[in-house]
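Working notes, structure below.
The values are calculated or read from the model by the stated rules, or taken from the named source; none is laboratory data. Keep in mind it's a predicted model, so treat the numbers as computed, not measured. Cβ: placed from backbone, ideal geometry, glycine included. Neighbour counts: every protein chain shown. Note: areas computed on protein heavy atoms with side chains; ligands, DNA, RNA excluded. Shrake-Rupley method; radii C 1.70, N 1.55, O 1.52, S 1.80 Å.
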Amino acid sequence: AAGLWTVFTLGGVGSKASAQLEQCSPLASQSLLLLLVLANLTDAPDTPNPYRQAIMSFKNTQDNTAFSSSNPHTFQINFNSLYTALCEQQKSDQATLLLYMLLHQNSNVRTYVLARTDIENLV
């Protein structure tokens, strides 16, 4: 959870051209790329990819439901902050890919985004 949050809080991933982005916030850019690579690794025959499992199951901090004991990779993140960061970062290919992955793989994020009234900010 801390690594995902670091991606969005270290200085505007995607808000500048990619050459300027690398100079401005190389740790944020590299962290986002690492997260994308880890989440897209193929599953082992006997164990699923824990990074993909975490991406598929994290919940909103505003959600009062209890964690499922069947998934040890579940964590919580503030969806409003995540949504705001993703809206600001849509000039970055990496941030757009993360948004795509979250919308397709995490039903909690998909439900939250579809419930927003300002969804045009993502477009």
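Which of the residues belonging to the range 103-123 are part of a helix (DSSP H, G or I) and not polar (S, T, N, Q)? Those that are part of a helix (DSSP H, G or I) and not polar (S, T, N, Q): LEU103, HIS104, VAL109, ARG110, TYR112, VAL113, LEU114, ALA115, ILE119, GLU120, LEU122.
For the range 68-84, a residue qualifies if it is modelled with pLDDT of 90 or more and open to solvent by less than 30 Å² (accessible area, probe 1.4 Å), and the qualifying residues are ILE77, PHE79, LEU82, TYR83. Anything in the range 94-117 that is without any contact (Cβ under 8 Å) to a residue 24 or more places away in the chain and either charged (D, E, K, R) or crowded, with 17+ Cβ neighbours inside 10 Å (or both)? List them, or say none. Answer for the range 94-117, where residues must be without any contact (Cβ under 8 Å) to a residue 24 or more places away in the chain and either charged (D, E, K, R) or crowded, with 17+ Cβ neighbours inside 10 Å (or both): LEU99, ARG110.
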